[in-house]
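*Asks:* Just dropping this structure here.
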Amino acid sequence: MSNEEHELSDAQILRLRAEDKLIAKQKQTEQPNSEIEVKRLLHELQVHQIELEMQNEELLLANQTAERALKKYTLLYDFAPMGYFTLDSNGGIHDLNFTGAEILGHRRFSLVNCNFKLFVSDNSKPVFNRFLDKVFAGNIKESCEIMLGYNNDHLFDVYIEGILIGDEANCLLSVVDISKFRKPEV
């Protein structure tokens, strides 16, 4: 340490050292001093700009593709001729399509977070409970026929298929009204 540094405070010494490092760093990253270097940097920037524009075009195309896929999914799911439901292991409805809401006789938004078992007739509840247990016990598609209705009113037969989806926390059900195919009991 020099005499000069002994008379300075720690903060002043730190500042002098920082200024020395900054000067050294600036020397390492000097501005381009030749016209060739400037042209090279300009070329690099222009190429990078074109790359970004191309990436932007790709993103726009990907977005359009995603929008078309969403529209197709919405048409296939929401307006399918059979009821689709996403249930948890207790029978709670997480999602459903319009046909599913129509089968249950309620508006779609009012059925989310309701329990599907509320719409299963008392006679069919044991069958449905076994079915749901089987679906959540394995990774294979299960099926059953049950009678739906609320408070045992408007009862009709449905055929149900269910399978676990992705995360195994929910199952996907397809529900078809088969009461029109049943022969009336005499």
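*Asks:* Looking for whichever is crowded, with 19+ Cβ neighbours inside 10 Å and within 20 Å of Tyr77 (Cα to Cα) here; the options are Val176, Val135, Val120, Val158. Which one fits? Step through it out loud before you land on a result.
*Replies:* Numbers: Val176 fails: crowded, with 19+ Cβ neighbours inside 10 Å; Val135 fails: within 20 Å of Tyr77 (Cα to Cα); Val120 fails: within 20 Å of Tyr77 (Cα to Cα).
Sole residue among the options that is crowded, with 19+ Cβ neighbours inside 10 Å and within 20 Å of Tyr77 (Cα to Cα): Val158.
*Asks:* Does Leu104 satisfy being over 20 Å from Phe136 (Cβ atoms) and assigned by TED's automatic domain parsing to the domain that holds Glu161?
*Replies:* Working: over 20 Å from Phe136 (Cβ atoms): yes; assigned by TED's automatic domain parsing to the domain that holds Glu161: yes.
Taking the combined requirement at face value, the residue satisfies it.
*Asks:* Filter region 166-186 down to the residues that are aliphatic (A, V, I, L, M) and in a loop (DSSP other than H, G, I, E, B), then identify the one that is modelled with the highest pLDDT. Step through it out loud before you land on a result.
*Replies:* We begin by selecting, within region 166-186, every residue aliphatic (A, V, I, L, M); these are 169, 172-173, 175-176, 178, 186.
Filter once more, keeping what is in a loop (DSSP other than H, G, I, E, B): 169, 178, 186.
On the way: Ala169: 82, Ile178: 92, Val186: 51.
Result: Ile178.
*Asks:* Which ones in region 68-89 are in contact with a helix residue (DSSP H, G or I) (Cβ under 8 Å, 6 or more places away or on another chain) and within 16 Å of Val120 (Cα to Cα)?
*Replies:* Those that are in contact with a helix residue (DSSP H, G or I) (Cβ under 8 Å, 6 or more places away or on another chain) and within 16 Å of Val120 (Cα to Cα): Gly83, Tyr84, Phe85, Leu87, Ser89.
*Asks:* Now for a separate question. How many of the residues making up region 100-118 are touching a residue at least 60 places away in the same chain (Cβ under 8 Å) and of a type outside the set (A, V, I, L, M, F, W, C)? Steps first, please.
*Replies:* Filtering region 100-118 for residues touching a residue at least 60 places away in the same chain (Cβ under 8 Å) gives 100, 103.
Cutting the leftovers down to of a type outside the set (A, V, I, L, M, F, W, C) gives us 100.
Count: 1.
*Asks:* Output yes when any residue across region 35-44 is loosely packed, with under 10 Cβ neighbours inside 10 Å and either under 30 Å from Ser179 (Cβ atoms) or modelled with pLDDT of 95 or more (or both), and no when none is. Outline the logic, then answer.
*Replies:* Step one: of region 35-44, the residues loosely packed, with under 10 Cβ neighbours inside 10 Å are 35-36.
Retained after the next criterion (residues that are either under 30 Å from Ser179 (Cβ atoms) or modelled with pLDDT of 95 or more (or both)): none.
Scanning region 35-44, I find no residue that is loosely packed, with under 10 Cβ neighbours inside 10 Å and either under 30 Å from Ser179 (Cβ atoms) or modelled with pLDDT of 95 or more (or both), so the answer is no.
*Asks:* Can you tell me which of (1) more than 24 Å from the chain's Cα centre (by Cα); (2) over 22 Å from Phe181 (Cβ atoms); (3) of a type outside the set (Ser, Thr, Tyr); (4) loosely packed, with under 15 Cβ neighbours inside 10 Å is the one His106 doesn't meet?
*Replies:* All conditions are met except number (4).
*Asks:* What pairs come up if the first residue lies in region 136-149 and is more than 15 Å from Gly91 (Cβ to Cβ), the second is acidic (Asp, Glu), and their beta carbons are under 9 Å apart, counting only those six or more places apart or on different chains?
*Replies:* Asn139/Glu168; Lys141/Glu161; Ser143/Glu161; Glu145/Asp157; Met147/Asp157
*Asks:* I've got another one for you. Considering Thr74, Thr86, which residue is in contact (Cβ under 8 Å) with a residue 60 or more places away in the chain, among the hydroxyl-bearing types (Ser, Thr, Tyr) and surrounded by 11 or more Cβ atoms within 10 Å (Cβ to Cβ)? Explain how you work it out, then say what you get.
*Replies:* Working: Thr74 fails: in contact (Cβ under 8 Å) with a residue 60 or more places away in the chain.
It is Thr86.
The values are calculated or read from the model by the stated rules, or taken from the named source; none is laboratory data. Bear in mind that the values here come from a model prediction, so they are computed numbers and not experimental data. Quick reminder, even Gly has a Cβ in these numbers, built from the backbone with ideal geometry, and neighbours come from all protein chains shown.
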